[in-house]
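Chemist: Got a structure for you, questions after.
Quick note: the coordinates plus some simple rules give every number you see, no bench work behind them. Just so you know, these numbers come straight off a predicted model, no measurement behind them. Virtual Cβ from ideal backbone geometry, glycine too; neighbours counted across all protein chains shown.
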Amino acid sequence: MDHYQLFIDGNFVDAEDGATFESIDPGTETPIATVARAGKHEAEAAIAAARRAFDQGDWSGLTPTGRATKIYDFADMIAQQSVRMAITESMDSGQVIGLSKFWGLNGSQLLRNLAYHAATAFPWEEEIPYPGNVFAPGRDFIRREPVGVCVGIIPWNFPLSMAFWKIGQSIIMGNTIVLKPASVTPLSATIIAEAANAAGIPPGVINILNGPGAELGQVLCTHPDVDKIAFTGSTAVGRGIMRMASDTVKKVTLELGGKSANIILDDADVDLAVEGAIFGTFFHQGQVCESGTRVLVSSKIRDEFAEKMARRAESLRVGYQLDPHSHLGPLVSAGQLETVDGYVAVGKQEGAELLTGGERIEVEGIEGGFYYAPTIFAGVDNKMRIAQEEIFGPVVCLEEFESDEEAVAIANDSMYGLAGGVFSSSTARAERMAREIRTGTVWINNFHIFGDFAPFGGYKQSGVGRELGASGLAEYTQIKRIHVNSFASRESNFTWNLFSEDPKVASGQYFAPTNVISGHGSLAAIYKEVVRLGCRRALILTDPGVARTGLIDLVQDALVDFAVGAYDEVPPDSDFAAVDAAVAKAQELKADCIVSVGGGSVIDTAKAVAVTLKNGGTANDHVAINRLMEPQTPHIALPTTAGTGSEVTNVAVITSPKAGRKVYIVDPYMIPNTAILDPRFTLTLPPALTAGTAMDALTHAIEALTSTLAQPICDGLALQAIRLLRQNLALVIADPNNEQARLNMAIGATLAGQAFTVAQVGLAHSMSHTMGVLNHVHHGTACGIVLPKVMRFNVDHAGAKLAMAAEALGVTIADLSERDAALAAAAEIESLMQAVGHPTRLRDIGVPDGDFQMAAFHAVADTPTLFNARPVTDPGEVVALFEEAY
Ligand SMILES: NC(=O)c1ccc[n+]([C@@H]2O[C@H](COP(=O)([O-])OP(=O)(O)OC[C@H]3O[C@@H](n4cnc5c(N)ncnc54)[C@H](O)[C@@H]3O)[C@@H](O)[C@H]2O)c1
C-alpha cells in the first residue's frame with residue numbers, strides 16, 4: 001500500500017510520533033494508502049515554516065511578475081501530473097474519472113490565469129486622487145500587500161480543485177500557506193506539493209498537513225502566527241472556525257453550505273430545464289455546496305417537468321468511479337451515506353412524495369461501496385427540514401410556485417445564500433429574478449459553471465468574502481494607506497493645531513486660473529473669450545433684478561451669435577432647485593458654456609450649473625470638496641455687485657432647503673475661466689447694496705489676512721484689496737456714476753476673492769452665514785456689522801496682521817503699539833460704515849432681539865470658523881459678539 005507523508009518546509013516527513021491513518025476507496029471500501037497523521041507538533045512546525053518563509057521575503061518580497069514566472073513553472077509541473085492526479089483523486093474521493101481527469105489542466109490553467117492577472121492587472125498600488133481631507137495636503141495612495149501566513153482548510157468533495165484555489169490564490173498574492181485537506185481525502189494534495197518542489201517554489205511557502213480536523217483546526221485557527229484562514233466546508237464548522245479565529249482577530253474568508261434554488265419558469269424549455277436540474281443536483285453525487293437542491297417549478301408545467309425529471313434521474317448510471325461509463329460514483333464515506341439516508345427518512349416522515357430513488361444501491365461486480373440512487377422528492381413545502389437543511393447528497397426537492405414573486409420569496413426563504421439558477425426562454429425575465437435572489441451566484445439557463453475570473457462566495461450563512469477573480473485575489477491582501485505630507489513642517493499641520501492656542505499654517509498653494517479682464521468696455525472681450533474656451537453656444541444666467549437693468553442686452557449684443565438664450569430666474573441666495581432648473585435650460589439649448597451676469601447669487605449658481613452640466617445628475621449630487629478631476633463646463637463671470645469676488649473663487653455657496661443652511665461646493669476646477677470687470681455693470685447697483693457688498697469684500701480681505709492659513713501671496717492680495725475698497729467706497733457712494741471708483745472697487749473685490757481662495761475666511765463669515773440663514777439678512781451687510789467685533793476678538797492672535805490692515809485702511813500707525821493699531825483698524829471700519837450709511841447694528845437690518853444661543857452654535861460649527869486667527873470653541877463667546885453687534 002502506498003504511504004503519503006506530510007509536507008513541511010519543503011520536506012516530505014512523517015509525524016514525529018510515527019502516527020498514521022488509512023485512506024479508503026469509497027467505491028469498494030478497501031484501504032488504498034497509509035497517511036502520516038499530523039498532530040499539534042507538526043501543525044506548529046508547519047506554521048513556523050510558513051512564518052519564516054514569509055518573513056524572510058524570498059517569496060513575499062518578489063514582484064508579482066517574479067512570482068508569476070515561478071507559478072508558470074509550477075503550472076507546468078501540475079500539468080505533467082494530470083493522469084496521476086486524476087486516478088488518485090477518483091480513488092480517494094469517489095469522483096468519477098470523467099470529472100477528475102480535468103483537474104490537472106484546470107488547476108494549471110487557474111494558476112496561470114490568476115498569476116498573470118496578479119502580474120499585469122491587479123491594482124497593487126493605486127493613487128487616491130481625492131482623499132477627502134482638505135486639511136491634509138499631500139499624496140495619498142494605497143498599496144495592497146500580502147496578508148502573511150494563510151491557512152487553507154478544505155473539504156472532501158473537490159480536494160484538488162479546492163487545494164488549487166487556496167494554494168494558488170494565497171501564494172500568487174505573496175502569502176505562504178499551510179493547507180489542511182479533509183481527512184477522508186488526504187492524498188491528491190501531496191502531488192501538488194511534489195510539483196511545487198519540482199518548480200522551485202521556496203521551502204515553507206506551501207505546507208500540507210493531513211490528520212484529524214478538529215485537533216489540527218484548533219491549532220491552526222488559534223495560533224498567533226497565522227494571519228488568515230480561508231475555509232471551505234459546512235456552515236456549522238465555519239461558525240466554529242470564525243469563533244476560534246476571533247481570539248487573535250485573524251482575517252477570515254468562509255465558503256460554506258448552501259441550499260440553492262433552481263427556478264424553472266413556465267416559459268422554460270422543459271427539456272433544457274430538466275437537464276439543468278439533473279446536472280444541477282446530481283453532479284458529483286450532489287456533494288456540492290452550490291447544488292440546486294431545491295428545484296422550484298411553475299405549477300403550470302409541474303407535472304410534465306416532474307415526470308421527465310424522474311425518468312431522466314432513473315437513466316443515470318451509478319457505478320464505480322474509475323469506470324468511464326459511470327455518471328455518478330459512490331458517496332465519499334459511510335458517514336455521508338448514513339446522513340443522506342437519514343434525510344430521506346425525514347423527507348418521508350414530513351410527508352414529501354418520493355418520486356424516485358431513496359435507497360442505497362449496489363453496483364454489479366463490486367463488493368461494498370457507498371452508492372446511493374438519485375433521489376427526487378415532490379410536493380415539498382419549503383418549511384420542511386429537507387428543504388431547509390443541506391443534505392450534501394443526490395437528493396432533490398421539487399417545490400411549486402404560482403408567480404415569479406413567489407418563486408423569489410421561496411428562493412430567499414433560506415438561511416443560505418450561495419447560488420441558484422433560473423431557467424426561462426426570456427433572458428430579461430430571468431435576469432430580473434436573478435437581481436432579486438439574495439445569493440452570491442445566479443446562473444441563467446445553466447448550472448455549476450465556474451471561471452477563474454468570476455468571483456464565487458455566499459450571502460447570509462453561506463459565507464464571508466469571495467474566491468477567484470480580482471475580488472478573490474484581493475481577499476488574500478491587506479490594504480495599506482500611505483499619506484505623504486506635502487508640507488513637512490509643524491507649522492503647516494492644520495490638524496495638529498487642535499493642540500495650539502495660536503494656530504498658524506505656514507504654507508499654501510495658490511492656483512489662479514481665471515483670466516481677469518478689466519476696464520471700461522472690457523465686455524467686448526467676451527466674444528474672443530468664448531472662442532478661446534472652445535465654445536460657441538453660451539447660456540446667459542442672471543437674476544430678475546439684473547435683468548430689469550437691461551444689462552443683458554449689452555451682453556447679448558457683445559456675444560453676437562454665440563448667445564443661445566438667457567435664464568433670468570436665479571433667486572437671491574439661490575438653491576438646488578434653481579441650479580437644476582438652469583441646468584435643464586442649458587441642456588435644452590445645448591449650451592456649451594455659461595455666462596453669468598450678476599452678484600454672488602448668480603455667479604455661484606453658474607458654478608454649480610457648470611459642474612452639474614458636466615457630470616450629470618442634480619446639483620445636490622455635487623456637494624463636495626476637491627472631488628473634481630478635470631475642467632468643468634466653461635464659465636465666464638461678469639460681476640455686477642461690488643463684493644463677493646465669486647468670479648475668481650473656488651467656492652459656490654448654495655442654499656440647501658433640506659439641510660436648512662447654505663452648503664458649499666469647493667473645488668479649484670470650479671473657478672470661472674474668465675472674469676470681466678466692466679464698471680458699466682455696477683453703475684446701476686443701489687447705494688445700500690454697493691456698501692453691503694463692499695463690506696463683504698472687505699471682510700474677505702481682512703479675514704484672509706488674519707486667517708491661520710495666511711501667507712505672503714494672500715497678504716499681498718488682501719492688503720491691496722483693503723486699500724482699493726477703502727479709498728473708493730466713499731467716492732462711489734458720493735457719486736454712483738464715478739466709473740473709475742467703481743472699477744477700482746470691482747478690482748478690490750476680485751483681489752479679496754483671490755486672497756480668500758488662498759487663505760479662507762473666519763468667524764465674521766460664520767456669523768453672517770448664520771444670520772443669513774436664520775433671518776434672511778444680506779450676507780455682506782451682516783459681514784460688515786460683525787467684522788469690527790470679530791477683529792477686536794482676534795486682536796491678541798492677529799495683532800500684526802490687523803496693524804497692517806490699519807495701515808492699508810489709511811490709519812497712521814507710526815505712534816501706535818501693534819495692539820492699538822489693530823484696534824484702530826476695527827474703529828476705522830466702523831467709521832467707514834458710518835460715513836457711507838452702512839448699518840452698524842444687527843437690529844437695524846431686521847434681526848429680532850432675543851436669544852443668540854442657537855445662532856452661536858451654528859456659527860461655531862460653520863467651516864470658516866476653522867480658520868479664524870483665534871480658536872473658536874466656546875459658543876458663549878460668540879453669543880457675546882452677537883449681542884455686541886445687536
Ligand atoms: N462664491 C463665493 O466666493 C462667495 C463669496 C461671498 C458670498 N457669496 C454668496 O453670494 C451671495 C450674495 O451675493 P451678492 O452680495 O452679490 O448679492 P446677490 O447676488 O444676491 O444680489 C443682490 C441683489 O442685487 C441685485 N443686483 C445685482 N447687481 C445689480 C446691479 N448691477 N444693478 C442693480 N441690481 C443689481 C440683484 O438683482 C439682487 O436682487 C450669497 O449667497 C453669498 O453666500 C459667494
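Chemist: Kindly flag which residue pairs out of Lys585/Lys658; Lys528/Lys590; Lys607/Lys801 have an alpha-carbon separation exceeding 26 Å in this structure. Don't jump to the answer; show the numbers that get you there.
Modeler: Numbers: Lys585/Lys658 23 Å; Lys528/Lys590 20 Å; Lys607/Lys801 32 Å.
Where the Cα-Cα span goes over 26 Å, the pairs concerned are Lys607/Lys801.
Chemist: Quick check on packing: order 259-265, 28-34 by the mean number of other C-beta atoms within 10 Å, highest mean leading.
Modeler: Highest-to-lowest ranking by the protection proxy: 259-265, 28-34.
Chemist: Figure the gain on full extension for Ala524 and Ala624 (residue separation times 0.36 nm, minus the Cα-Cα span) and round it to one decimal in nm. Could you put the intermediate results ahead of the total?
Modeler: Details: separation 100, 0.36 × 100 = 36.00 nm, distance 3.47 nm.
Separation in residues times 0.36 nm, less the Cα-Cα distance, equals 32.5 nm.
Chemist: Now for a separate question. At a 10 Å Cβ-Cβ cut-off, how would you order Ser100, Ser831, fewest neighbours first? All intermediate terms of the calculation are to be shown ahead of the outcome.
Modeler: On the way: Ser100 29, Ser831 12.
The most exposed by this proxy come first: Ser831, Ser100.
Chemist: Which percent of Cα-Cα pairs in the range 572-652 sits in each 5 Å bin, short to long?
Modeler: Going from the shortest bin to the longest, the percentages are 3, 17, 29, 27, 18, 6, 1.
Chemist: What are the ³J(HN,Hα) couplings of the range 730-746, residue after residue, when phi is run through the Karplus curve with 6.51, -1.76, 1.60 and θ = phi - 60°? Round to Hz, x for glycine and proline.
Modeler: 5, 4, 5, 5, 5, 9, x, 9, 6, 5, 4, 5, 4, 5, 4, 4, 5
Chemist: Quick one: if you stick a label point 7 Å off each Cα along the C-beta vector at Ala861 and Arg438, how many nm between them?
Modeler: Spacing of the two 7 Å Cα→Cβ label points: 3.4 nm.
Chemist: Compute the separation of the alpha-carbon centres of the range 661-716 and the range 45-70 and state it in Å as a whole number.
Modeler: Using only Cα atoms, the two centres lie 59 Å from each other.
Chemist: Under a cut-off of 19 Å between alpha-carbon atoms, report the lysines in cross-link reach of Lys40, not counting same-chain residues fewer than 8 places apart.
Modeler: List returned: Lys180, Lys228.
Chemist: Next up: Dividing the alpha-carbon Rg of the range 393-432 by 2.2 N^0.38 Å yields what?
Modeler: 1.29
Chemist: Sticking with this structure for a sec: Tell me, Glu830, Glu884 in order of fewest to most beta-carbon neighbours within 10 Å? Present the calculation step by step, with values, prior to reporting the outcome.
Modeler: Values: Glu830 17, Glu884 14.
Arranged by neighbour count, lowest to highest, Glu830, Glu884 become Glu884, Glu830.
Chemist: Here is a follow-up. I'd like the projected area of the range 425-513, averaged over all directions, using the convex hull of its alpha carbons. Report it in nm² with one decimal.
Modeler: Values: hull surface 52.9 nm².
Approximately 13.2 nm², given one-decimal rounding.
Chemist: Calculated FRET efficiency, Asp561 and Asn615, Cβ-Cβ r, R0 30 Å, to nearest 0.05? Write out the running numbers ahead of the final one.
Modeler: On the way: r = 28 Å, r/R0 = 0.94.
Efficiency computed from Cβ-Cβ geometry: 0.60.
Chemist: In the range 473-562, which GluC sites (Glu not before Pro) are in a loop and have at most 15 other Cβ atoms within 10 Å, using DSSP for the loop call? Intermediate results must be reported in sequence, preceding the final value.
Modeler: Details: sites: Glu475, Glu491, Glu501, Glu529; in loops: Glu475, Glu501.
Counting only loop positions with at most 15 other Cβ atoms within 10 Å, the GluC sites (Glu not before Pro) in the range 473-562 are Glu501.
Chemist: What is the angle, in °, between the Cα long axis of helix 818-835 and the longest principal axis of the Cα atoms in the chain? Nearest 10 is fine, range 0 to 90.
Modeler: 70 degrees
Chemist: To the nearest Å, what is the center-to-center distance of the range 747-807 and the range 252-295, using C-alpha atoms only?
Modeler: Taking the Cα centre of each part, the range 747-807 and the range 252-295 sit 69 Å apart.
Chemist: Sticking with this one: Quote the FRET efficiency, to the nearest 0.05, computed for Leu683 versus Arg661 with a Förster distance R0 of 41 Å and r equal to the Cβ-Cβ distance. The partial results should precede the final answer.
Modeler: Details: r = 34 Å, r/R0 = 0.82.
The pair Leu683/Arg661 has a calculated efficiency of 0.75.
Chemist: Right, something else. Compute the distance in nm between two label points, each set 7 Å from the Cα along the Cα-to-Cβ direction, one at Ala409 and one at Ala488.
Modeler: 6.4 nm
Chemist: What FRET efficiency would be calculated for the residue pair Asp225, Lys300, taking the C-beta separation as r and a Förster radius of 60 Å, to the nearest 0.05?
Modeler: Working: r = 59 Å, r/R0 = 0.98.
Efficiency, rounded to the nearest 0.05: 0.50.
Chemist: Another question, then. Taking the simple approach of a point 7 Å from Cα along Cα-to-Cβ for both Arg429 and Val13, what is their distance in nm?
Modeler: Simple spin-label model gives 6.3 nm for this pair.
Chemist: Where in the range 763-805 does the label zone of Ser817 land, with the point 7 angstrom along Cα→C-beta and an amide N cut-off under 19 Å?
Modeler: Of the residues in the range 763-805, 791-805 have backbone N under 19 Å from the label point off Ser817.
Chemist: When the chain is fully extended, how far beyond the present Cα-Cα distance does Asp76 get from Gln388, taking 0.36 nm per residue of separation?
Modeler: On the way: separation 312, 0.36 × 312 = 112.32 nm, distance 4.30 nm.
Gain on extension, Asp76 to Gln388, equals 108.0 nm.
Chemist: Still on this model: When the chain is fully extended, how far beyond the present Cα-Cα distance does Ile142 get from Asp55, taking 0.36 nm per residue of separation?
Modeler: On the way: separation 87, 0.36 × 87 = 31.32 nm, distance 2.13 nm.
This chain segment gains 29.2 nm when fully extended.
Chemist: Follow-up question, since we're still on this one. Quick one: Cα convex hull volume of the range 90-132, Å³ per residue?
Modeler: Considering the Cα atoms of the range 90-132, their hull volume per residue is 121 Å³.
Chemist: Which values, in whole Å and largest first, are the semi-axes of the equivalent ellipsoid of the range 668-743 obtained as the square root of 5 times each eigenvalue of the Cα gyration tensor? Could the numbers behind the result be given before it?
Modeler: Numbers: eigenvalues 116, 51, 23 Å².
Sorted largest first and rounded, they come to 24, 16, 11 Å.
Chemist: Measure out, as a whole number of angstrom, how far apart the alpha-carbon centroids of the range 828-872 and the range 178-214 sit.
Modeler: Comparing the Cα centres of the range 828-872 and the range 178-214, I get a distance of 74 Å.
Chemist: Right, here's the next one. Quick check: convex hull over the Cα atoms of the range 192-247, volume per residue in Å³, rounded to an integer?
Modeler: Numbers: hull volume 5.4 nm³, N = 56.
That works out to 97 Å³ per residue.
Chemist: Over all distinct alpha-carbon pairs, what is the Kirkwood Rh of the chain in angstrom?
Modeler: On the way: mean 1/r = 0.0306 Å⁻¹.
That comes to 32.7 Å for the chain.
Chemist: From the P(r) of the range 611-764, can you give the percent of Cα pairs sitting at distances over 26 Å? Don't jump to the answer; show the numbers that get you there.
Modeler: Working: 3480 of 11781 pairs.
Tail fraction, whole percent: 30.
Chemist: Next question, about the same structure. Expressed as an acute angle from 0 to 90° and rounded to the nearest 10, what is the orientation of the C-alpha long axis of helix 600-615 relative to the principal long axis of the chain?
Modeler: 20 degrees
Chemist: In degrees between 0 and 90, to the nearest 10, how far off the longest principal axis of the chain does helix 799-808 point, with axes built from Cα atoms?
Modeler: Roughly 50 degrees between the two axes.
Chemist: Counting pairwise Cα distances across the range 149-220, what percent come out greater than 18 angstrom? List each step's numbers first, then the result.
Modeler: Values: 799 of 2556 pairs.
Taking all Cα-Cα pairs of the range 149-220, the fraction more than 18 Å apart is 31 percent.
Chemist: Which percent, nearest 5, of DSSP beta bridges in the chain are antiparallel?
Modeler: 40 percent
Chemist: Using the 10 angstrom Cβ neighbour count as an exposure proxy, how do Ser299, Ser518 rank, fewest first?
Modeler: Neighbour counts put them in this order, fewest first: Ser299, Ser518.
Chemist: Can you give me the convex hull volume of the Cα atoms of the range 227-376, divided per residue and expressed in Å³? Please report the intermediate quantities before stating the final value.
Modeler: On the way: hull volume 23.0 nm³, N = 150.
Cα-based convex hull of the range 227-376, divided per residue, equals 153 Å³.
Chemist: Based on the Cα gyration tensor of the range 711-814, what are the three equivalent ellipsoid semi-axes, each the root of five times an eigenvalue, rounded to whole Å and given largest first? Walk me through the numbers on the way to the answer.
Modeler: Values: eigenvalues 92, 79, 38 Å².
Result for the range 711-814: semi-axes of 21, 20, 14 Å.
Chemist: What Kirkwood Rh does the range 227-269 have if only Cα atoms enter the pairwise 1/r average? Answer in Å.
Modeler: Details: mean 1/r = 0.0811 Å⁻¹.
The Cα-based Kirkwood calculation yields 12.3 Å.
Chemist: Moving to a separate point now. Over 5 Å intervals from 0, what percent of Cα-Cα pairs in the range 730-886 sits in each interval?
Modeler: 2, 9, 16, 21, 21, 17, 10, 4, 1, 0
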